[in-house]
1. Would you mind pulling out the separation of the Cα centroids of region 295-321 and region 1-17, in Å?
2. Given a 10 angstrom Cα cut-off, can you work out which residue in Glu23, Glu216, Glu65 is the most mobile in a GNM of the chain?
3. Of the listed pairs Lys251/Lys334; Lys195/Lys246; Lys237/Lys334, which have alpha-carbon separations greater than 27 Å here?
4. So what is the relative contact order for the chain, in percent, with contacts set as C-alpha pairs under 8 Å and at least six apart?
5. How large is ³J(HN,Hα) for each residue in region 137-148, as worked out from phi by the Karplus curve 6.51 cos²θ - 1.76 cosθ + 1.60 (θ = phi - 60°), to whole Hz, x for Gly and Pro?
6. State the extension gain, in nm to one decimal, for the chain segment bounded by Tyr321 and Arg48, taking 0.36 nm per residue of separation less the distance between their alpha-carbons.
7. How far apart, in nm, are two points set 7 Å out from the Cα along the Cα-to-Cβ line at Ala136 and at Arg155?
8. Where in region 1-36 does the label zone of Glu145 land, with the point 7 angstrom along Cα→C-beta and an amide N cut-off under 15 Å?
Amino acid sequence: MARIAFFAPMKSPNHPVPSGDREMARNVMTALSDDTRGYDVTLVSEFRCYDGKGDVAVQDALFQEASAEASRLIALGGWSAWVTYHSYYKAPDLLGPVVSQAMGIPYIQIEATRAAKRLGGPWDRFARAADASCDAASAIFYLTEQDGEGLAPYRRDDQPQVRLHPFLTQEDVSTGHRPAAPAFLSVGMMRQGDKLASYQIIAEILTHLTGDWTYEIAGDGPARAEVEALFAPFGSKVRFLGQLDKQNLQKAYGHARAFLWPGVNEAFGMVYLEAQAAGVPVVAENRPGVRDVLPPPALSSVADTAHLAQSLSRLLNDADYNAERSAQARDLVKQRHLLGAARETLWSVLDPLLKGAT
């Protein structure tokens with residue numbers, strides 16, 4: 001069986017901290033493994049090429065480490081193609097272009113982005129490396145409309161740039177009945193920055209809700225105390241579930257009539273797909289990336305907490321509307337966000353590239 005090399009410069013699929021980025025990397029590996037075509041996927045390196053602070057010394061050290069790692073991989077060899085997931089200005093792919101060129105194999109990027117505004121700043125060298133890796137790619141798959149717009153001006157005539165919708169590895173969606181109780185759910189890590197900002201927005205949304213409701217939160221992290229403090233005024237109406245495994249998370253989706261997550265600076269949000277696949281209608285802010293995985297009725301203007309609360313309340317209290325939105329959510333995921341659709345998109349590009357390389 002032929003082998004495809006896989007690498008994720010920002011976060012290995014084996015990283016111990018759960019995240020949407022880690023999950024998407026794993027999903028891509030699953031989609032690329034294809035017994036029918038005779039291809040297996042190998043995670044070839046755990047090297048993490050990430051600088052979160054814009055430290056030139058850190059970047060210089062990572063370039064040196066990458067050079068040694070690339071030499072090791074070239075000597076190891078034996079792959080038919082190289083696939084990199086999520087190269088960007090804080091975590092550029094410093095291995096794929098070097099190894100694939102040395103081996104003469106196709107080099108494919110998935111969720112690669114360019115950031116011209118970072119050129120000349122503290123991430124200048126890394127931003128240039130991310131751009132160079134895009135230039136070197138035989139093909140690029142982008143996951144959001146915004147990313148595609150950023151890549152398009154630099155596309156070569158011989159470089160396909162193809163939309164790959166974020167996806168789950170399941171083959172179908174849930175067909176279970178929706179609960180009658182006015183309960184809703186959020187799923188999100190509890191950490192400083194964007195995640196905490198989403199929780200702060202939710203706390204404001206809850207002040208607009210009236211009537212009977214119950215809110216469950218699945219997630220944990222270093223900012224849990226801050227999150228708990230945000231929701232303390234709502235007493236027993238808010239329940240903390242902690243970090244859940246897949247089985248218990250599915251149970252939580254099954255108890256929810258709605259899923260609430262504003263999505264501050266989410267790349268796209270795997271939790272939105274999970275919720276919709278379970279038939280749970282979503283309430284979110286209309287943000288880049290987020291809007292790529294949700295239908296228009298799920299979206300409200302950024303910072304309009306009153307409208308977000310109104311949308312949520314309707315899902316909790318209008319059974320017919322909830323059923324309509326639930327069916328819409330399932331249909332959206334079934335049409336473009338499952339494993340079958342992802343495999344079809346990926347291999348429509350990979351098949352000719354791999355045949356041309358043999």
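Every number in this text was worked out from the coordinates using simple rules, so none of it is lab data. Just so you know, these numbers come straight off a predicted model, no measurement behind them. Counting neighbours? That spans all protein chains shown, and the Cβs are built from the backbone with ideal geometry, glycine included.
1. Taking the Cα centre of each part, region 295-321 and region 1-17 sit 38 Å apart.
2. Its mean-square fluctuation being the largest, the pick is Glu65.
3. Lys237/Lys334
4. Numbers: 681 pairs, mean separation 55.2, N = 358.
Across the chain, relative contact order equals 15 percent.
5. Taking θ as phi minus 60°, the curve returns 5, 6, 7, 10, 9, 10, 9, 9, 4, 4, 5, x Hz for region 137-148.
6. Separation in residues times 0.36 nm, less the Cα-Cα distance, equals 93.7 nm.
7. For Ala136 paired with Arg155, the spin-label model returns 2.3 nm.
8. none
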